[in-house]
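The values are calculated or read from the model by the stated rules, or taken from the named source; none is laboratory data. Everything quoted here is computed from the prediction, not taken from an experiment. Positions of Cβ are backbone-derived with ideal geometry, glycine not excepted, and every protein chain shown enters the neighbour counts. These area figures cover heavy atoms from the full protein model, side chains too; ligands, DNA and RNA do not enter into them. Shrake-Rupley method; radii C 1.70, N 1.55, O 1.52, S 1.80 Å.
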Amino acid sequence: MVSDSPLVTRWPAHALAFGSGFAYFLAFPGMDLWPLSFMALVPLIVALRGASVGRATASGWVAGFTMTVFGFYWLNDMLKTFSGFPAPLCLLFVAILSAYQAGRMALCGWLYARAERRGWPPGLVFAAAFAASEQVFPLLFPWTYAATVHQIPILLQLAELGGPILVVLVLVAANLVLAAPLLAWLERRTTKHATAGPRARAAAHIERGRHVARWAALVVAALLYGALRIPQVDAMVKAAPKATVGVVQANMSLFGKRLNKAEGLHRHLQLTRQLREAGPLDLVVWSETSVMSAVPEERAGQVLADRVTSRLGVPAIVGAVLYRPVEGPRRYVLYNSGLLANANGEICPTCRYDKHYLLAFGEYLPFGDSFPILYDWSPNSGQFSPGTSFRPLPLGDREIALFICYEDILPAFVNRIVNEGSPDLLVNMTNDAWFGDSTEPWIHFALAKFRAIEHRRYLVRSTNSGVSGFIDPVGRTVRHGGTFREEAFATEIAWLRSPTPFALLGNSPWWLVAALVFAGGFRTNPRVIRAMRSVREPPDGQAATTKARQVRREARRRASPAFQTQDETPAAKRRSSPALEEATDPAENDPPNGPDPAADGSDDPSGKQGRE
């Protein structure tokens, strides 16, 4: 049923939003209290119901800021370590960044309130607004609510159809189901429901039950889909050709990598030798910038083959820093690259991938090209340039889609790489030592899992300090290492090429959802328009604006299915709605456009209301 006014007042609403944000944080990877994901949004749903646009936006922002400031606490240490800024300034930057990232939930609240006040169904609007905010709001450190259930593969399988956002909608549906009894209890306390007739209350109860049943059906459908698809994908994996892949985690500190480059190379070579001694290998993957000594771009293949890959005796993907001399104050540009060598150590001209999405403050400074003095103020920040190629890397008759650092948490970006060729394997090399021994490596690992499901391929992650591991095509963690420890391990993977709907459509359906919910915020529900036509416009005068609002509220009430099934007489309806009674000429109950359909039962096919 459409709510005409907020169910809770301002400060309790913000307190509920804070509770949602904190529960969101607790459910998120790193804390991993995943059952909270089914109820974390309930307080926010209550806080937003019937709220004004301004209040709903503010409540959404409170929820987002709470989640971000707790969930991304590790940003403070990262900024202190690598920017060189004093602690108070780092705290200020974290607060500003958290305030900005909270804008995603603020956008959700804004979209929801605008569309709800236009008479669109609140539950549907909340789900669409939540999905739209995940899709359209640009984040410096992206995340998704779907990551809260990364340990529950049966819930993740819908990602091959619609990516993480479709999984998000299942979780939103579960929250709407749990929110329904609380919303019903709060709505029963309002005057409107207290004065409604018994059949009207029963109709409202039935309508609410139907909504709950629909959302519950979505959750059940997701579980059934997962139960069906997991064995199918497992059978596909069993029939596919296999390979043994090893990962090397050297655990070099960030400054240690820069100051003792030879030690980093020595560790990678030694750990690779241990993997080879343990059994046959088809491929080994090193971490991001595992070869720290900068190599000239035009001779990178030959130099790395001579120094590194020819000594491995196994096909390998290694991380390297390449440079190209340029004119101007910078004198050179740097590339964070991954290069693929065959068993002989040879690196072909097309066996190179350069990182596209660079880490702010670590690999570049925002506005640093426009204001070079910023690099003098932040001497530990790099000056890297983004890559341009999206092609997978060739290895014999196989192809490997490579992405570096947090590119593996960007669904649209990985989708583009996969669609540039026909990769058999997904590989990510990263270095999360930037963030210390915090929850960030585990968050990163959890977010990356969705790429394996979206494309039904194995995902191999090799990191400098953790979390390295293997994810199978249904999102299960086959094996993973720890954080900040030196280790190497190998696992059997399957070479797979399996097209999926998400690979074809990407996020385009969610752009459509975002457009629709945005349009809903500016276009009134036609049912409300029809109901408004049955109510006489208020007279001109000082109170006209207030009475117009009352009329619109009454129109939204009339537009609800519960109202259409009421057995009250027209007079009883007016008595239960003072706004309508005041806004209607007592001497003439018919509106200017003709008789009131609610009065003669024309909205009721049986004519029962008119006869009563």
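Quick one: with all protein chains in place, what share of the accessible area of segment 188-298 is carbon or sulfur, to the nearest percent (1.4 Å probe)? Write out the running numbers ahead of the final one.
Details: 3450 of 5820 Å².
The value for segment 188-298 is 59 percent carbon and sulfur by accessible area.
Here, segment 444-525 has an Rg and a Dmax of 18.3, 60 Å when only alpha carbons are counted.
Would you mind checking the pairs LYS257/LYS355; LYS242/LYS355; LYS242/LYS449; LYS355/LYS449; LYS261/LYS449 and listing those with alpha carbons more than 22 angstrom apart?
Working: LYS257/LYS355 19 Å; LYS242/LYS355 28 Å; LYS242/LYS449 20 Å; LYS355/LYS449 20 Å; LYS261/LYS449 31 Å.
Long pairs (Cα-Cα over 22 Å): LYS242/LYS355; LYS261/LYS449.
Leaving out ligands, DNA and RNA, and with a 1.4 Å probe, what % of the accessible surface on segment 386-471 is carbon or sulfur?
Numbers: 880 of 1840 Å².
It is 48 percent, rounded to a whole number.
Once you divide the Cα radius of gyration of segment 288-354 by 2.2 N^0.38 Å, the number left is 1.10.
With the simple model of a label 7 Å out from the Cα in the direction of the Cβ, VAL333 to GLU346 spans 3.0 nm.
Once the mean of 1/r is taken over each pair of separate Cα atoms and inverted, segment 124-223 shows a Kirkwood hydrodynamic radius of 15.4 Å.
Solvent-accessible surface of segment 133-255, taken per residue with a 1.4 Å probe and all protein chains present: 41 Å².
Please report, in cubic angstrom per residue, the volume enclosed by the convex hull of the alpha-carbon atoms of segment 1-93. Show your work: numbers first, answer last.
On the way: hull volume 9.2 nm³, N = 93.
Given the Cα convex hull of segment 1-93, per-residue volume reads 99 Å³.
Direction-averaged projected area, Cα convex hull, segment 169-275: 13.9 nm², rounded to one decimal. Summing charges over neighbours of ARG451, with a neighbour being any other residue whose Cβ is under 13 Å away from its Cβ, gives 0 when K and R count +1 and D and E count -1.
At a Förster distance of 35 Å, what's the computed FRET efficiency of TRP185 paired with ARG533, Cβ-Cβ distance as r, to 0.05?
On the way: r = 33 Å, r/R0 = 0.95.
Plugging the Cβ-Cβ distance into 1/(1 + (r/R0)^6) gives 0.60.
Taking only protein heavy atoms and a 1.4 Å probe, the accessible area of segment 1-50 is 76% carbon and sulfur.
Here LEU516 and ILE206 are evaluated by their C-beta separation; at R0 = 22 Å the FRET efficiency comes out at 0.20.
Calculated FRET efficiency, VAL53 to ILE152, Cβ-Cβ distance, R0 = 41 Å: about 0.70 to the nearest 0.05. Placing pseudo-labels 7 Å out from each Cα toward the beta carbon at ARG214 and ALA95 gives an inter-label distance of 4.4 nm. One chain, two ends: SER5 and ALA235. Fully extended at 0.36 nm per residue, the span grows by 77.5 nm beyond their Cα-Cα distance.
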